1. Please compute, over every Cα-Cα pair in region 54-139, the percentage with a separation greater than 23 angstrom.
2. Sequence gap at least 6, Cα distance under 8 Å: using those rules, report the relative contact order of region 36-103 to the nearest whole percent.
3. How high is the FRET efficiency between Y47 and Q7 when r is their beta carbon distance and R₀ equals 22 Å, given to the nearest 0.05?
4. Which whole number of Å³ per residue matches the convex hull of the alpha-carbon atoms in region 43-200?
5. Semi-axes of the equivalent ellipsoid for region 94-187, please: Cα gyration tensor eigenvalues, times 5, square-rooted, ordered largest first, whole Å.
6. For T122, list long-range residues whose amide hydrogen, built 1.01 Å from N in the peptide plane, is under 5 Å from its own amide hydrogen.
7. If you count only protein heavy atoms and use a 1.4 Å probe, how large is the accessible surface of T189, to the nearest 10 Å²?
Amino acid sequence: GTIAEMQYARADPVNDYNDGLKGEIFGDNIAKLRNLRQIRVDDNSFYGEIAPAIGNLRQLVILSGGNNLFSGTLPNELTRLTTLQELVLGQSHLSGPIPDKIGELESLAVLFLWDNKEMNGTIPDSLYNLTKLEMLNLGKNQFNGTISTSIGNLEHLETLILGGNHFTGTLPSELGRCHELSILQIEDTGIGGIVPPEVCQLRHKNLVSVNEFVEYFTADCRSDNESEFPFIKCDCCYT
C-alpha cells in the first residue's frame, strides 16, 4: 500500500529522558493520509499549527496529541470529522476558542483540552448536542461564561472538569440529569451559589458503584459568611 492508505499513526517518545519526537506533524500534508483512523502522538515535542486540512481525514476516530508544543487554535474544519470519538489535546499549547460547530462531532465521547492555559471563550451552545459525550475536561484554561442548563442533554457524561477557569454563575440543577456523572471539578472558578441537591444525589449514588476509580466532587467551599469570593455552598463536595 501507499502512505495515503495508512490507517494508524503512532509516535511514542523514545524514552523518559528526552523530549520525544520533534517536527511539524499537522501541516497541510496531513490531508494526504485520508484513510487514517487513529492518530496517537502524545508526549512528544511536535510543533506548529493544526492545519484546516485535518478536516479531510473523514475516517478519523481518535486524535490524541496531548503534551506537545503546538500553536494556534483548533481549526473550524475539525468539526467535519463526524466519526471522531476521542479528541485529546491537553497540555498542547493551543489557544483561542472551541469551534462554534463542535456539536457536529456527533460521535464524540471524549473531549480533553486540559491545561492549554490560553484556550478561551465561552462553551459553544452546540457542545451540548454531543449526546454521546462521556468525558469533558476543559480544566486550567481561560474559558468564561456560564454553564448552560442544556448540560442536562449530556446524559452519558461521567467526568466534568471545569476547574481553573473564569466561569461564573451557578451550577444548573439540570446537571442532575447526567445520571452517570461521578467526577465533577469546579474548583478555582467564579461559580457560586449552592450545588443543587440533584447533583449531590448523583455523588451519593455513584460512590457506591463498582467503577474502577474513586468518584469525587470538588468545589471551592468558602466560609459561611460569604467573606471570600467565589462562595459556593456544597454539602457533598470534598473541598
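1. Percentage above 23 Å: 10.
2. 34
3. On the way: r = 25 Å, r/R0 = 1.13.
The value I calculate is 0.35.
4. Details: hull volume 14.3 nm³, N = 158.
Taking only Cα atoms, region 43-200 has a hull volume of 91 Å³ per residue.
5. Working: eigenvalues 67, 46, 30 Å².
Values for region 94-187, descending: 18, 15, 12 Å.
6. N144
7. Accessible area of T189: about 10 Å².
The values are calculated or read from the model by the stated rules, or taken from the named source; none is laboratory data. Since the model is a prediction, treat every value here as computed from it, not as a measurement. Positions of Cβ are backbone-derived with ideal geometry, glycine not excepted, and every protein chain shown enters the neighbour counts. Each accessible area value is taken on the protein alone, full model and side chains, heavy atoms only, with ligands, DNA and RNA left out. Shrake-Rupley method; radii C 1.70, N 1.55, O 1.52, S 1.80 Å.
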